[in-house]
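The values are calculated or read from the model by the stated rules, or taken from the named source; none is laboratory data. Quick caveat, the model's predicted, so the values are computed rather than measured. Please note: Cβ atoms are built from the backbone with ideal geometry, for glycine as well, and neighbour counts cover all protein chains shown. These accessible areas exclude ligands, DNA and RNA; they are computed on the full protein's heavy atoms, side chains included. Shrake-Rupley method; radii C 1.70, N 1.55, O 1.52, S 1.80 Å.
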Amino acid sequence: MKRTAHHRLLMILTVFSLFFGAGNLIFPPFLAAQAGQNTWPAMAGFCLTAVGFPVLGVMAVTRAGDLHRLAARVHPAFAAVFPLLIYLAIGPGLAIPRTASTSFEMVAQAALEGSTRLPLWQLAYSLVFFVVAGLIALKPDALTQRLGKILCPLLLALIGALFVGCLLAPHPYGAAAEAYQTHPVIQGFLDGYQTMDAIAALVFGSVIALNLRALGLTEARAIRTEAALDGLGAGVLLGVIYLCLAHIGGVSGGAWPGAKNGAQVLSQLAGSVYGRGGMALLAAIFVVACLNTCVGLLSSCASYFHQRLPKVSYPAWVALFALISVGISNVGLNQILALSVPVLNLLYPIVLVLILLAYLPKTETLPLLYPIAGWGTLAASAALLAARAGVLPAALTDGLQVLPLYAQGLGWLCPCLVFLALGAGLSLLKQRA
């Protein structure tokens, strides 16, 4: 089946909707509010991890077939454990509950501020939120029609209204906070972890392929090509929206410094420009964006676990993950975000390495590249996380602290490069022997 421009636009909007959720809304404006005059160098680093690697990740998974096959290039044991950690983090462990808790905070600020029954309202909200998301996720091959045609255009219109309001109330950017004064690009790169989009790309690849098949594509090569084009289109759209949100954050931070998170940054500007109506507008943006991502995550996680344990039906997995997420989302956004930092610091380095490895020669050409680079990067990442947590012996912690870029949070990069070179070199020696 030949795809029309209309089909491609629908898929681009669908892919964008899958990625663009809670973190994508709150982290770019908060970065800009803190970075101030260094906003655009910081955003360059942010877009590398929040746009570039997610696009590469979608193509990497479609090239490999799925996440399990990509991870199996490292080792069968790695393929058994790593995808499980990815799906739990991107699913009911962190990302899915975050969609409800983040959107509720905005709804509470807009309509329930000062209420003495916020915990009960949050429980009721999360129940309704996950029932709606679960019902939409029951038909994963219909996401193109539901996200691409309806929810994504609505989301873009709402963000556009907020951005226009920002242009009508210009303010100079403020001074850069300490973290963005000396290494804004690196700090922005690390901030991009929080969107979880590079991890999500490894999860969403199979859902994107499923929706392409629903549109009539059957050949594997055609699916890979179209997934790449759709990913690139969604990446461009993500980048444009991030730049708009960054400008909103820069203006808000310059006018009202001291915000504690991205939700507060957006609330200050929306309230200033549009009053109470602006708060309602912002709440609507958050609910739609978070619902979009929640649907994609529920669908992806339920599909994965149904493949692993087919005796449990796909709808049952959707219901189970939705129920678990109701409980975790009521713990609170701050607690979820605090837990996400060490988890992402552990997983992100190996995710980035796997994505890049997918574009290097296949395992039969360099058979030791994947095992050495994969296991080595994971070990380095775990060691650095343990060092920052203070659970390693002092001598070992001191040794890790001498690694280049350790203080900036990229201490894993040099060991990773060493493992890549070692894997490639030993592979070539093995072939010659």
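For region 361-433, just say rounded, prolate or oblate: build the C-alpha gyration tensor, square-root its eigenvalues into a ≥ b ≥ c, call rounded for a/c under 1.5, and beyond that prolate if a/b exceeds b/c, oblate if not.
The shape class here is prolate.
Over region 1-70, what number does the Rg to Rh ratio reach, with both radii from the alpha-carbon atoms and Rh per Kirkwood?
Checking Rg against Rh, the ratio lands at 1.09.
Determine, at each q value in 0.14 (inverse angstroms), the log₁₀ of I(q)/I(0) that the Debye formula gives when each Cα of the chain is one equal point scatterer.
With no solvent term, the Cα-only Debye profile gives -1.36.
May I ask you to evaluate 6.51 cos²θ - 1.76 cosθ + 1.60, the Karplus curve with θ = phi - 60°, for each residue of region 183-190 and list the ³J(HN,Hα) values in order in whole Hz, giving x for glycine and proline?
Per-residue couplings from phi come out as 10, x, 5, 5, 4, x, 4, 5 Hz.
Percent of accessible area on region 17-65 owned by carbon and sulfur, 1.4 Å probe?
On region 17-65, the fraction of accessible area on carbon and sulfur atoms equals 61 percent.
Based only on Cα atoms, what Rg/Rh ratio does region 159-219 have, Rh being taken as Kirkwood's radius?
1.23
Can you give me the Cα centroid spacing of region 371-433 and region 179-219 in angstrom?
24
Placing +1 on the Cβ of each Lys and Arg and -1 on the Cβ of each Asp and Glu in the chain, which of ALA175, PRO257, MET196 has its Cα farthest towards the positive end of the resulting dipole?
Of the options given, the answer is MET196.
Of the accessible area of region 154-306, with the probe set at 1.4 angstrom, what percent is carbon plus sulfur?
Whole-percent figure for carbon plus sulfur exposure: 65.
State, as an integer percentage, the relative contact order of the chain based on alpha-carbon contacts under 8 Å between residues 6 or more apart.
31
Of all the stretches in the chain, which is the longest one without any exposed loop site, taking GluC sites (Glu not before Pro) in a DSSP loop (any state but H, G, I, E, B) with at most 12 other Cβ atoms within 10 Å?
220-363
I'd like the FRET efficiency for LYS139 and ARG221, computed as 1/(1 + (r/R0)^6) with the beta carbon distance as r and R0 of 22 Å, rounded to 0.05.
Working from the Cβ atoms, E equals 0.25.
Post the alpha-carbon centroid distance, region 12-82 to region 309-350, in whole angstrom.
For region 12-82 versus region 309-350, the Cα centre distance is 17 Å.
Placing +1 at every Lys and Arg Cβ and -1 at every Asp and Glu Cβ, with all other atoms neutral, what dipole size does the chain have around its Cα centre, in debye to the nearest 20?
Rounded to the nearest 20 debye, it is 1000 debye.
Which residues' amide hydrogens lie under 5 Å from the amide hydrogen of LEU138, considering only partners 5 or more residues apart or on another chain, with H built in the peptide plane?
It is none; the list stays empty.
Regarding region 311-433, what are the three Cα extents along the principal axes, ordered largest first, in Å?
Principal axes ranked by extent give 56, 44, 21 Å for the Cα atoms.
How large is the helix-only mean residue ellipticity at 222 nm for the chain, computed as the sum of -39500 (n - 2.57) over DSSP H runs with n ≥ 4, divided by its residue count, in deg cm²/dmol to the nearest 500?
Mean residue ellipticity at 222 nm (helix-derived): -25000 deg cm²/dmol.
Which order, highest average first, do 316-326, 417-427 follow once you tally other Cβ atoms within 10 Å for each residue and take the mean per peptide?
316-326, 417-427
Quick check for you: with a 1.4 Å probe and neighbouring chains kept, what is the accessible area per residue of the chain, in Å²?
41
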